[in-house]
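Report on the following structure.
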Amino acid sequence: MIRPKPKPRKRPPPAPLRLTGTDGHQLAAALKSARKAQGLVQMELAGKIGTTKSAISRLEHGKGDLRLSTLRKLAAALGLRLDITLS
């Protein structure tokens, strides 16, 4: 008897890293500072990572959800190394 292959389970989307509280604002300030150090305006950075200027603005003001994949793109576009420490 031939059994049908089970359907692959869909993985839920990754949970976003929230930019809230002191640490979120520190991250937001670091992103803004790195962007300015590279001489980029928000629109240019948005174009480099495939998002909108308003999304960059929200992140820089600590008001957006940030996925790890977006953080990786931001780091690459800004010429930064991404180090994550959980404690």
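The values are calculated or read from the model by the stated rules, or taken from the named source; none is laboratory data. Source: prediction; values computed, not measured. Note: ideal-geometry Cβ built from the backbone for every residue, glycine included; neighbour counts use all protein chains shown.
General remarks:
- Test for Ala34: is it free of Cβ contacts under 8 Å to residues at least 12 places away in the same chain, closer than 16 Å to Ala77 by Cβ and assigned to a helix (DSSP H, G or I): no
- All of (1) modelled with pLDDT of 85 or more; (2) assigned to a helix (DSSP H, G or I) hold for Lys63 with one exception: (2).
- Flag if Gly79 is outside any helix (DSSP H, G or I) and surrounded by 14 or more Cβ atoms within 10 Å (Cβ to Cβ): no
- Scope region 54-73; condition under 8 Å from the mean Cα position of the chain (by Cα) and closer than 15 Å to Gln26 by Cβ; matching residues: Leu66, Leu71
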